[in-house]
Ligand code: ARG
């Protein structure tokens, strides 16, 4: 009992301390939100494009494009502001953080202005209202008519959405499965990992329309109407931006344009060929470009990170081998800390944390994080490689009159390299695989692209299999290449 109290107070002090250290500094400053966007010339919109008809991916003229009702509205807002438009597609649960840390200017993602969200961001007027529906398997038709039928069932919800909250509150003994992407939820449903998915009515209807294996039903959620609408989120303290957005929304509403937008985007959602007939799977080959971009980015991130990581690791290793404590300790501390924390957290910390000071693109943040991480591992590889060279070698070199530096350079290091090389190769291979965590901050690496393809095609397994083979080809050819150089090194 006593120990529990201790753990609790330690945890509480840790949280308080970190909050003090990393709380976003809020200065009561002038509202320049609108002017800033006009000066910048672009409006950056954070979204989670897995939510037809609000926002979703489609291919137009062979190019991946985000379309939807929100996109149409966004285009109008950008036009009224006289700026260009840019979308950042990410997981829904990362949107608020992206807005608060200035990664995006506004959020348009069919987001409801709930009181909790209003604590951290401000909202525009509501532009559309949809209720909450369920998506179920067609074979379960009639099985889930009301909330009671859902008791104890596996319910899929998108993480951090109001559907998650509603399901927890209104379903008895719910077995909630939260996933980041709605597209993955639909796959979880068709592959029987969950029995029902809670979605906004329009989205449930769209998914049911384009996927003949699922049905939309209304189980009668008890809804607080005021919280049902979708609104645009902006950073706190941006009245000028909100006013401008509300102006556009008012015009859109007055001219009844939302209905037009909806019917316009309708053409992009696929309809199954014929009723009752099994939909032919879209050939994956149509999506080769997604894989190409993803592979290119993965190779880029891994390649650049390995170079920077090796340079960093080499210096860290020299520091760790120094006889001077003052040099040794910071390097060891760095290595221990990096190895002791998950790369996923490091990536997020760099992206959001460093991003608070300088606004770096996700790609750069990813490369920095992976390099910093790899540096720690390379340090240990280099250090043990050097340590593995017999001590007698140094002594012999020194007794021949070489300085420590010369001995290191001509005697120790060439021998150490033979030990280091294979391990460094392994590190490169790990970096290729592990760098995939950058997909959580929205970098379009191979993993990110895979989930986009899964989302568009509604195919659960084939897109992953393709990715697996691509990763294998990458790492296997690298292994072969490294072996070749290793043999050369051994002959030298
Ligand atoms: N309306 C719900 C909410 O605000 C879910 C929105 C999900 N949006 C999306 N683009 N996936 O919590």
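Name every residue in region 320-331 that is more than 14 Å from residue 382 (Cβ to Cβ) and part of a helix (DSSP H, G or I), in order of residue number.
Within region 320-331, 325, 326, 327, 328, 329, 330 meet the criteria.
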Practice task
Answer yes or no: is there a residue in region 3-26 that is touching a strand residue (DSSP E or B) at 6+ places or on another chain (Cβ under 7 Å), under 26 Å from residue 351 (Cα atoms), part of a helix (DSSP H, G or I) and more than 11 Å from the ligand (Cβ to nearest atom).
Solution key: no
Fill in the blank from the handout: Those residues of region 417-446 which are without any contact (Cβ under 8 Å) to a residue 24 or more places away in the chain and buried (at least 18 other Cβ atoms within 10 Å of the Cβ) amount to 439
Completion exercise
Restricting region 112-126 to residues that are within 13 Å of the ligand (Cβ to nearest atom) and either out of contact with any strand residue (DSSP E or B) (no Cβ under 6 Å at 6 or more places or on another chain) or modelled with pLDDT under 90 (or both), the one farthest from residue 246 (Cα to Cα) turns out to be 116
Practice task
State which residue pairs qualify: first residue at positive phi and inside region 152-176, second residue within 13 Å of the ligand (Cβ to nearest atom) in any location, beta carbons under 7 Å apart, and separation of 6 or more residues or different chains.
Solution key: 160/92; 160/93
Exercise for the section: Might you check whether a residue that is in a helix (DSSP H, G or I), farther than 30 Å from residue 213 by Cα and modelled with pLDDT under 85 occurs anywhere in region 469-476? Expected result: no
Problem - Every residue from region 93-111 that is on the phi > 0 side of the Ramachandran plot and in contact with a strand residue (DSSP E or B) (Cβ under 7 Å, 6 or more places away or on another chain) - result: 110
Problem - Selected residue (criterion: surrounded by the most Cβ atoms within 10 Å (Cβ to Cβ)) from residues of region 117-140 that are farther than 23 Å from residue 184 by Cβ and out of contact with any helix residue (DSSP H, G or I) (no Cβ under 9 Å at 6 or more places or on another chain) - result: 118
Exercise for the section: Take residue 87 and decide whether it is within 25 Å of residue 185 (Cβ to Cβ), crowded, with 22+ Cβ neighbours inside 10 Å and either touching a strand residue (DSSP E or B) at 6+ places or on another chain (Cβ under 6 Å) or at pLDDT below 95 (or both). Expected result: no
Problem - Residue check for residue 49: closer than 30 Å to residue 129 by Cα, within 16 Å of the ligand (Cβ to nearest atom) and touching a residue at least 24 places away in the same chain (Cβ under 8 Å) - result: yes
Completion exercise
Taking first residues from region 96-121 that are over 16 Å from residue 356 (Cβ atoms) and second residues anywhere that are at pLDDT 95 or above and assigned to a loop (DSSP other than H, G, I, E, B), the pairs with Cβ under 6 Å that are 6 or more apart or on different chains are 109/48; 110/54
Exercise for the section: Scan region 342-393 residue by residue and report those that are free of Cβ contacts under 8 Å to residues at least 40 places away in the same chain, within 15 Å of the chain's Cα centre (by Cα) and in a helix (DSSP H, G or I). Expected result: 345, 346, 349, 350, 364
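Please verify whether residue 86 is under 24 Å from residue 251 (Cα atoms), part of a helix (DSSP H, G or I) and more than 10 Å from the ligand (Cβ to nearest atom), treating the condition exactly as stated.
Here the answer is no, as residue 86 does not meet what is asked.
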Fill in the blank from the handout: Across (1) closer than 22 Å to residue 96 by Cβ; (2) assigned to a helix (DSSP H, G or I), residue 310 clears everything bar (1)
Practice task
Could you list, in sequence order, all residues of region 45-65 that are surrounded by 19 or more Cβ atoms within 10 Å (Cβ to Cβ) and assigned to a strand (DSSP E or B)?
Solution key: 45, 46, 47, 50, 51, 55, 56, 57, 64
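The values are calculated or read from the model by the stated rules, or taken from the named source; none is laboratory data. Being a predicted model, the structure only gives us computed values, none of them experimental. Heads up, the Cβs are rebuilt from the backbone with ideal geometry, glycines too, and the neighbour counts pull from every protein chain shown.
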